[in-house]
Amino acid sequence: MTPASVAAAGRGVARAFLACAALSLLVGLAGGLVVGLHYTALSPTLSRMGLGLAALRPIHTGATAGWIFFAGMAVVHRWLFERLEARVAEGDATALPLVNAVARRARLQLGLWVFAALSAAAALLAGYSTGREYLEYPPVCSIPIVAGWLLYAWNFVAVTRYRIRNMPVYAWMWGTSVVLFLWTFAEANAWMLDVLRERPVRDMAIQWKAYGSLVGSFNLLVYGSTSWLGTRISDDKYARSNMAFALFLVGVLNSFTNYVHHTYHLPQAELPKWIAFFVSMLEAVILARVMYDVAGLGRKWADRKRHPVVQTLLIATTTWTFVQLTFAILISIPPLNTWIHGTLAVVAHSMGSLIGIDSMALLAAGTWLMEEGDEARPLDVGAARRGLWSAGALNTGLAGMWLVLAIVGVQAGIGLVLRGELPWVGAFPAWTGPGIVGAGLLAALGMVGLVLPWLTRRAATVLAP
Ligand code: HEM
């Protein structure tokens, strides 16, 4: 086995994860558009057709979370194979049996997650729901999800032997995300215990603490992927810098404190709220700085000839990080948070961050992985042009959707505080649904344009590494 064949195996595994990420995103986007249609007069017709909000919303959020996990795993596995490739190149015979074993476990992980996703979707469409937000699917589906994470942990430990002390920041981020996910996923499922069923306030506090840390675990997956990509478009220095490690440390700290934003309405002291506010803002400021550095904005723009779509997506990620940072500072100030809690402004914040920051960064990393190895060939101008148009459509659509959600949400919050009106769909302006669906369709078309090559180019590139 040569270093080149290890690299080819790594690309094969990464592209298998990317293909699943693309499919998961397509399902999530279709689900999101139907969820948006529920904000129009078509809602009763959709429910009669079996496409009710109770099934579609969890399918939308679950499939889009799946997109982030699959795409993040593509990047981590590419790096694990890079490490094996380096060991094989150094003549380390112990690395050889690992190559096939790691690839086998990665494919098994992929299979288990696809099985979990299909079973959960089938159960939801058949009308099943636990009623538990974000964990609506049958609890038994958690078994293949956890088994997949354990296989990933096994691969991570087998390749790194957990000796990450001298490794770049992304190894720390990915290594921590495993522990964080497994621990907090168990906490998130603790609601099934009788002891919590009898204590609703304690149950809600644990639920949101667990969800906050779960988001932290996939943020680390995304931050790690961004830092790794930064080293690929420049050099390894940045992933060992103080700034990158500051993002890691504050990101981990935030995953333990950010739950407070979701429990403002529960009886608790003021101090934790201000601690959570301070830590989140610190993380957001450092993230904005890291994204700015990674994109290298003007400086890197000069190299755009080689990876123009990747550079454009990184610049877009940086811009959205600044937009979301400003909005997050405003809506996290405890008295202002009370105004927008439970309104569509929160969806602008959460979905805006997931699309504008996490998805945009993963689209950049995935596009880079698809282009990896093509450096010696002339740039495919047609593909680059299609990619740039798609990135433009995604960002224009996202901006439109974000504005609709934020405006309607803030209006509803003001109505609630000043006039006691509940923020429900009947009180929203008539343009809410058409606005979400129209802008969402444009954003979705942009994302489809960016991920379609992940499905169609896979076989050809894997055969010719
Ligand atoms: C571009 C097409 C999309 C459309 C039209 C769309 C539409 C929607 C709508 C209408 C909601 C609000 C549901 C409700 O509470 O009534 C929602 C929520 C959500 N969406 Fe999307 N979505 C899209 C893409 C995405 C993507 C790409 C992601 C993630 C990567 C995502 C993640 C989420 C999440 C996590 C929520 C729940 C937010 C919360 O409860 O705070 N969406 N989506």
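The values are calculated or read from the model by the stated rules, or taken from the named source; none is laboratory data. From a predicted model like this one, the values you see are computed outputs, not experimental measurements. In this analysis, Cβ positions are derived from the backbone assuming ideal geometry, glycine residues included, and neighbour counts consider all displayed protein chains. Note: areas computed on protein heavy atoms with side chains; ligands, DNA, RNA excluded. Shrake-Rupley method; radii C 1.70, N 1.55, O 1.52, S 1.80 Å.
Values as computed for the structure displayed
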item: Length released on extending from residue 40 to residue 189, taking residue separation times 0.36 nm less the Cα-Cα span; result: 50.2 nm
item: Excluding exposed DSSP-loop GluC sites (Glu not before Pro) (at most 10 other C-beta within 10 Å), longest clean stretch of the chain; result: 199-374
item: The chain: angle of helix 96-125 to the longest principal axis, Cα-based, in degrees nearest 10; result: 20 degrees
item: Contour minus Cα-Cα distance for residue 107 and residue 333 (0.36 nm per residue); result: 76.9 nm
item: The range 364-419 - Kirkwood radius from inverse mean 1/r over Cα pairs (Å); result: 14.6 Å
item: For the chain, size of Cβ-based charge dipole, Lys and Arg +1, Asp and Glu -1, in debye; result: 600 debye
item: On Cα atoms only, tilt of 270-295 relative to the major axis of the chain in degrees; result: 40 degrees
item: Estimated FRET transfer efficiency when R0 is 60 angstrom, pair residue 5-residue 134 (beta carbons, to 0.05); result: 0.90
item: Principal axis box of the chain, alpha-carbon based, largest edge first, Å; result: 71, 51, 45
item: Segment residue 455-residue 396, extension gain: residue separation times 0.36 nm, minus the distance between their alpha carbons; result: 18.8 nm
item: Where trypsin sites (Lys or Arg not before Pro) in DSSP loops with at most 14 other Cβ within 10 Å are excluded, longest remaining stretch of the chain; result: 1-160
item: Whole-percent carbon and sulfur share, accessible surface of the chain, 1.4 Å; result: 70 percent
item: Radius, Kirkwood style, for the range 1-163 when every pair of distinct Cα atoms is counted (Å); result: 17.2 Å
item: Accessible area in square angstrom per residue, the chain, 1.4 angstrom probe; result: 43 Å²
